[in-house]
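To start, the structure itself, in structure tokens.
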Amino acid sequence: MDDPVYIVGCPRSGTTLVNFILNKNESCFILNEKGIYCYVFKNWCYIKEKNRGSIEDLKNTFRSILDSHREKQLLDEGDLENIFKYEELEWRNVVLSFFSSLIDKNKPTARVWGDKTPNNIFYLDQILEQQPEARILYVYRNPFHVVNSMSKKDFEYASDKQHINGYITKKYIKKYENSKKIIPESNRLEVRYEKIVEAPEKTTRRMCSFLGIEYSHKMIGKASETTRMLVGWPNSKAWDRIRPQPSSQDVNIGSSVMRYLKDEAEKYNYENKNNSNFMDISSALTVYVRLIPYMVLNGLYNMLRRTKYPTYQSEVLQGTPSKKDIKNWIKKGIENCAN
């Protein structure tokens, strides 16, 4: 197998589209939102470093991937037994053995393997520490369009408040910008979402060149049922044929949020053509004031999570938690400290 690839980016930036495009190639098998680092690695380290778990507990960290894939049984218990048959279980070797088994059983033609999970962006340091050869494919999109998409009612994994979604967008972008300094230039590729929809073949060829695989025209065509079931989310529109189209310029977010994201937009050469208050500094301050309650809760959440997971990295809440959620965090945090 080739070196792994991890597809990261802000939610609603096009990471799913990129993953589905690549999985249409016979040489690729990239898991879809299985959280190899932001979930599995985090739990693995907790079990190993705290000496609280058995080999069976370690198996469960990978069994969770299989259980969450409802469309197809990727591996069976016998396959897991073979992966965990060694006395010395090191993360790097187990991950390699796990993906090798996945490929052998489900897509023997694949050489490129990895995971697409937006939140892995907060674990880029850990990815490169454990797998220095890993390739990072970062997908980005006009931040105003990202917030606009996240704020729509049909997207349940974000807040309905634009200023919170603006904060989330800024955090993802800043995290990548801070982490990319440690990623060798030859091991990272930045893909602009608008280029995918405007010139799908050209952009896909560029991704293929980065991964060292041959371009196939079916990568921008409609996916087969077999591929959909193998990767997951079979009913997603992202599996359909990509037709060249202009990227939308329509955006419906407040001027204060636009001003708040001004630096991120300019960094990636995006312009705002719809709002005359773009340079109004006072409007950005309005966002910061409104964000104070959310930022306090986000800080509390991260602090309490660190009481359990040694490798936990500061993440962002995708919405405003309820009072019940907050009580549960505090209760679990106290229990973790007591243990």
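Remarks
- Cβ-Cβ FRET estimate between R243 and N82, R0 fixed at 56 Å, reported to 0.05: 0.80
- In plain terms, the bigger the Kirkwood radius, the slower the diffusion; for the stretch 1-70, with that radius from Cα pairs, at 25 °C and 0.890 mPa s, Stokes-Einstein puts D at 176 µm²/s.
- Were the residues from N187 through Y288 laid out at 0.36 nm apart, the gain over their Cα-Cα distance would be 32.8 nm.
- Dividing the convex hull volume of the alpha carbon atoms of the stretch 65-139 by its residue count gives 123 Å³ per residue.
- Peptides ranked, highest mean first, by Cβ atoms within 10 Å: ranges 140-150, 89-99, 215-225: 140-150, 89-99, 215-225
- Around the amide H of T117, modelled in the peptide plane, lie the amide H atoms of I7, E33, all under 5 Å away and 5 or more residues distant in sequence or on another chain.
- Value of relative contact order over the stretch 51-142, rounded to a whole percent, pairs C-alpha under 8 Å and six or more apart: 21 percent
- Length added when fully stretched, D125-L96, from 0.36 nm per residue minus Cα-Cα: 8.6 nm
- Cα extents of the stretch 22-121 along the three principal axes, largest first (Å): 41, 31, 24
- Among 59-66, 4-11, 121-128, the order from most to least packed when residues are scored by Cβ within 10 Å on average: 4-11, 121-128, 59-66
- Pairs over the 32 Å Cα-Cα cut-off, from the set K267/K308; K237/K327; K174/K195: K267/K308; K237/K327.
- Modelled spin labels at R70 and E198, positioned 7 Å past Cα toward Cβ, are 3.8 nm from each other.
- The H on the amide N of N142, modeled in the peptide plane, is under 5 Å from the matching H of E194, each at least 5 residues off or on a different chain.
- Sorting the segments 200-208, 107-115 by their residues' average number of neighbouring beta-carbon atoms within 10 angstrom, most packed first, yields 107-115, 200-208.
- Gyration tensor (Cα) of the chain, equivalent ellipsoid semi-axes in angstrom: 32, 28, 17
- Straight Cα distances below 13 angstrom link K107 to the aspartates and glutamates E26, with same-chain residues fewer than 8 positions distant left out.
- Only one residue of L96, M229, P293 has its Cα farthest out toward the positive end of the dipole of the chain, where Lys and Arg carry +1 and Asp and Glu -1 on Cβ, and that residue is P293.
Bear in mind these aren't lab numbers, they're just calculated from the coordinates by the rules spelled out. Note that this is a predicted model, so its numbers are computed, not measured. All Cβ positions, glycine included, derive from the backbone under ideal geometry; neighbour counts span all protein chains shown.
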